[in-house]
Amino acid sequence: MSTVYDLSIVNGDLAFGADGEPLFLADADAIAQDIKHRLEALGLTVDLVGDDAPAGGVLRRIAFAVEEDTRIRPGTAGVQLVAPGNVQVQAQTVLKSPILVTV
């Protein structure tokens, strides 16, 4: 797999360096950002907040959504509730780098 690049997004907007140029993410950082945005776009973060018992359905759906990304090694996604309405997602990329995303 070739190197993965993405523009850095912070608080829903492009992040810029001191020189005014957009900041880029590479490899595991770019994949982690994509995973976070995918979970938000699928509405799973909203479902997480509204679920009284997220240990079942929503956490499983989050893990499945992460595993659907072809840049994630199958069977490596783990999701845990870290606070009400917040989960931490861990996985290994096909680049053999770990990712950690908090949503």
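The values are calculated or read from the model by the stated rules, or taken from the named source; none is laboratory data. Here the structure is a predicted model, which is why all the values come from computation and not from measurement. Positions of Cβ are backbone-derived with ideal geometry, glycine not excepted, and every protein chain shown enters the neighbour counts. Areas reflect the complete protein model, heavy atoms only, side chains present, ligands, DNA and RNA absent. Shrake-Rupley method; radii C 1.70, N 1.55, O 1.52, S 1.80 Å.
State in Å² the accessible area per residue of the chain; use a 1.4 Å probe, count heavy atoms of protein chains only, and round to the nearest integer.
Spelled out: the 1.4 Å probe surface of the chain, per residue, equals 59 Å².
Please list, in order along region 8-25, the HN-Hα scalar couplings obtained from phi with the Karplus expression 6.51 cos²θ - 1.76 cosθ + 1.60 (θ = phi - 60°), rounded to whole Hz, x for Gly and Pro.
Couplings: 7, 10, 10, 6, x, 9, 4, 9, 10, x, 4, 8, x, 8, x, 8, 10, 10 Hz.
In the chain, with Lys and Arg counted as +1 and Asp and Glu as -1 at Cβ, which of these residues, P74, A41, V103, has the Cα nearest the positive end of the dipole, that is, farthest along it?
My answer, from the dipole projection, is P74.
At a 1.4 Å probe radius, carbon and sulfur cover how many percent of the accessible area of the chain?
Carbon-and-sulfur percentage of accessible area, whole number: 52.
Based on the alpha-carbon gyration tensor of region 23-94 and its eigenvalue square roots a ≥ b ≥ c, which shape applies: rounded if a/c is under 1.5, prolate if not and a/b is larger than b/c, or oblate?
prolate
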